[in-house]
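Written below as structure tokens is the structure these notes are about.
Bear in mind these aren't lab numbers, they're just calculated from the coordinates by the rules spelled out. Please read these numbers as outputs of a predicted model, since none were measured by experiment. No Cβ is skipped: glycine too gets one built from the backbone with ideal geometry, and neighbour counts run over all protein chains shown.
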Amino acid sequence: MGVEVRAIDGAAFGGIVTGVDASQVDDVVADQLRAASRNHHGVLCFRFDEPLTVEEMNALTAVFGENEFAPGMITGIGKGRVEGERERSIDEQIADLRTKGIDPYLMFLGNVDPHTGDRREVNAKFFGEWEWHSDMSYISTPPTFSLLHARQVPAEGGDTGFCSQVLAAQSLPAELRARVEGRDIKHDSTYSSNGIIRPGMVVPATPVDAIGEVHPILRQIPGTDQEALFLGRRTNGYISGLPLDESELLLDELWAHATQPAFTYRHHWSVGEVVVWDNRVVMHRRHPVSADEIRFMWRTQTRGEAVVAA
């Protein structure tokens, strides 16, 4: 059976992919998958019969771009320098991770020890609702594609929501568009999307003081005539050049518009699935899961590009 892509039933965007052998994706199939991503608002769900190997996961990631380091692995990429830590090159950090048996491109998400398979204790915030966000938007060149692979999933809860920011931009009210055109947002790097502070980070006094990258509110999708809202995450977001109270009010309006149900798709996971999404096109969030349940995922991503204003 060849590769097949069909629209997700009942969703405004997204595609279901079957017939892919993750161990050997040739150029023809790779071109087909990249085209499918563009045609389905950047969200594709791959159905596999069983969980992938690390090699297959990295190979599938490479179909969509150059593999990027996982957040929190390399200093400056979702990881701050701990006090007293000496400065090390990326090559040194990679070598140190490899020595410890850690793949610098693979991130583990869940309450399972990835080496033993046993349940492990995690911060209670892990089980709550994770906020809408675009992966690693707090760096200058955020990853373009992210891939999430279901290894163990709960019977209920833990769904992932996706929200098309292309659809949100297309329906942006004229008055609101006029207020945001040409403006930038600072994307805070302090917290992860589950509300846990990142390694080496310090909580800012106000969003104005937050550490993070500044990006245009409306971005162009390269190679297309499309534009998208690029909001990052709400926590500690700040619109450059505005008094803080004005920034907060305008951000509240933008987020209320951008996350309307009409722009969203909620994905319920099955073991073995891989969902790939384009961070330029969609935001995502995780829904709550019971503290009695187990949820364990692998995540990879591709290297990004400079964010271009629409």
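Between Glu85 and Val28, what is the label-to-label distance in nm when each label sits 7 Å out along the Cα-to-Cβ direction?
4.7 nm
Which whole-number percent gives the relative contact order of the stretch 157-310, counting Cα pairs below 8 Å spaced six or more residues apart?
This gives 40 percent for the stretch 157-310.
Please report how far the C-alpha centroid of the stretch 47-72 lies from that of the stretch 169-242, rounded to the nearest whole angstrom.
When both Cα centres are located, 27 Å separates them.
Using 0.36 nm per residue of separation minus the Cα-Cα distance, give me the extension gain between Ala7 and Thr235 in nm, one decimal.
78.8 nm is the gain from fully extending Ala7 to Thr235.
Pick from Gly42, Gly65, Gly182 the residue whose mean-square fluctuation is largest in a GNM of the chain, springs joining Cα atoms under 10 Å.
Gly182
By the gyration tensor of its Cα atoms, with a ≥ b ≥ c the square roots of the eigenvalues, what is the shape of the stretch 174-272: rounded for a/c under 1.5, prolate for a/b over b/c, or oblate?
oblate
Using the number of other C-beta atoms within 10 angstrom as an exposure proxy, rank Val289, Val274 with the fewest first.
Val289, Val274
Given Cα pairs under 8 Å that are at least 6 residues apart, what percent is the relative contact order of the stretch 140-229?
Averaging sequence separation for qualifying contacts and normalising by length gives 32 percent for the stretch 140-229.
Based on other C-beta atoms within 10 Å, arrange Met297, Met283 from fewest to most.
Met297, Met283
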